[in-house]
Each structure stands twice: as structure tokens, then as C-alpha cells.
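Report on one structure; see the data block that follows.
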Amino acid sequence: MPVGRRTTSSPPAPVDESLRRLGRNIRIARLRRQLRIQDLAERMGVSRFTVADLERGKPGTSVAAYFGALWALGLLDQADELADPDRDEEGRVLESARAPRRAARPRRLDNDF
């Protein structure tokens, strides 16, 4: 079985919970705007079944559908912080560990013109 299929058919628990939470949040935003599933689906250009699946947090639903729902609800700007490199502490620590410890020696200039 390919690796990608395992993630969509049986994702790790934290991934599953995050998808469910995002779906719930999208549902709440839709209901607060008094939109039907069909209304949101039309704004997104997808079927109502896709909207229902993303509101349930189904892992097989396209990430484009999740972002499309955020866009249609006017919430896409909140996604800008996802995987923000400035907030990636582990990545920054690893990057600094690979950085040179001292400055490189300056190259001698050849004055032969």
C-alpha cells in the first residue's frame, strides 16, 4: 500500500483530530453566516458532498477544498500562519546547528591586471 493512502485511510490521531477540528470550525463559520451547505458549495465550485465531507474532517478530502472553504467564508488570511518558517523553532535550531562556526577566510585578491 502506498504511503499516501495510509495517511488518508487511517491518519495518525493528531492529524485526525486536527482535521475534525478544522471541519467543525468551518461548519460553525458557515452556520454563523446562515449559509446552507449548498450555498457554500456553490461559492467554492464543488459539490455539497465535498462540503459535507470537509465539515466532518474526512482525511480523503482535498486540501484545496479546505482552503476553498476558508476563502469562500473570508477566513483564508488566518491560514497564513500555517507552517510559518518564522515560528518553526525546531527548524531554526537545526539550521543554526548547520551554520558555520567561524567566518570563512577572505580570499586573496589577485592584483594582476
Less than 12 Å Cβ to Cβ from R92, Lys/Arg counted +1 and Asp/Glu -1: what total charge do the surrounding residues give? -4
Measure nothing fancy, just the Cα-based angle from helix 13-32's long axis to the longest principal axis of the chain, in degrees from 0 to 90, nearest 10. 60
State whether region 18-57 is rounded, prolate or oblate according to the following rule on the C-alpha gyration tensor (a ≥ b ≥ c being the square roots of its eigenvalues): a/c under 1.5 gives rounded; otherwise a/b larger than b/c gives prolate, and the remaining case gives oblate. oblate
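Tell me the volume per residue, in Å³, of the convex hull enclosing the alpha carbons of region 47-104.
Residue-normalised Cα hull volume stands at 127 Å³.
With every protein chain left in place, what is the accessible area per residue of region 1-98 in square angstrom, probe 1.4 Å?
On the way: 7090 Å² over 98 residues.
Ligands and nucleic acids excluded, the figure is 72 Å² per residue.
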With Cα atoms, 0 to 90° folded angle of helix 63-72 axis to the chain main axis: 70
Please compute the contact order of the chain in relative form: average sequence separation of alpha-carbon pairs under 8 Å and at least six residues apart, divided by the residue count, as a percent. 23
How charged is the neighbourhood of L40? Take every other residue with its Cβ under 13 Å from the Cβ of L40, and add Lys/Arg as +1 and Asp/Glu as -1. +3
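What number, rounded to the nearest 500 deg cm²/dmol, is the helix-based mean residue ellipticity at 222 nm of the chain, given -39500 (n - 2.57) per DSSP H run of at least four residues and division by all its residues? Each step should come with its number before you reach the end.
Working: 6 runs with 64 residues, N = 113.
Theoretical 222 nm ellipticity from helices: -17000 deg cm²/dmol.
Would you mind counting up the charge near L22? Only other residues with Cβ under 14 Å from its Cβ, with Lys and Arg at +1 and Asp and Glu at -1. If you can, show how the numbers build up before the last one.
Working: positive: R20, R21, R24, R27, R30, R56, K58; negative: D16, E17, D53, E55, E81.
Once all neighbours under 14 Å are counted, the net charge is +2.
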Can you run phi through the Karplus equation (6.51, -1.76, 1.60; θ = phi - 60°) for region 40-48 and list ³J(HN,Hα) in whole Hz, with x for Gly and Pro? 5, 4, 5, 4, 7, x, 10, 7, 5
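Using DSSP to call loops (not H, G, I, E or B), can you name the trypsin sites (Lys or Arg not before Pro) in region 13-103 whose Cβ has at most 14 other Cβ atoms within 10 angstrom? All intermediate terms of the calculation are to be shown ahead of the outcome.
Working: sites: R20, R21, R24, R27, R30, R32, R33, R36, R43, R48, R56, R87, R92, R98, R101, R102; in loops: R33, R36, R101, R102.
Sparse-neighbourhood loop trypsin sites (Lys or Arg not before Pro): R33, R36, R101, R102.
Just the number, please: carbon plus sulfur as a percent of the accessible area of the chain, 1.4 Å probe, no ligands or DNA/RNA counted. If you can, show how the numbers build up before the last one.
Values: 4800 of 9340 Å².
Carbon and sulfur atoms account for 51 percent of the accessible area of the chain.
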For the residue pair A99 and S62, what label-to-label distance in nm results when each label sits 7 Å from Cα along the Cα-to-beta-carbon direction? 4.1
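Taking N as the number of residues in the chain, what value does Rg over Cα atoms divided by 2.2 N^0.38 Å take? Show your work: numbers first, answer last.
Values: Rg = 22.6 Å, N = 113, 2.2 N^0.38 = 13.3 Å.
Compared with the compact-globule rule of thumb, the chain sits at 1.71.
The values are calculated or read from the model by the stated rules, or taken from the named source; none is laboratory data. Just so it is clear, the model here is predicted, and its values are computed rather than measured. Here Cβ is always computed from backbone atoms with ideal geometry, including for glycine, and neighbour counts include all displayed protein chains. For the accessible areas, the whole protein counts, side chains as well, though only heavy atoms, and no ligand, DNA or RNA atoms are used. Shrake-Rupley method; radii C 1.70, N 1.55, O 1.52, S 1.80 Å.
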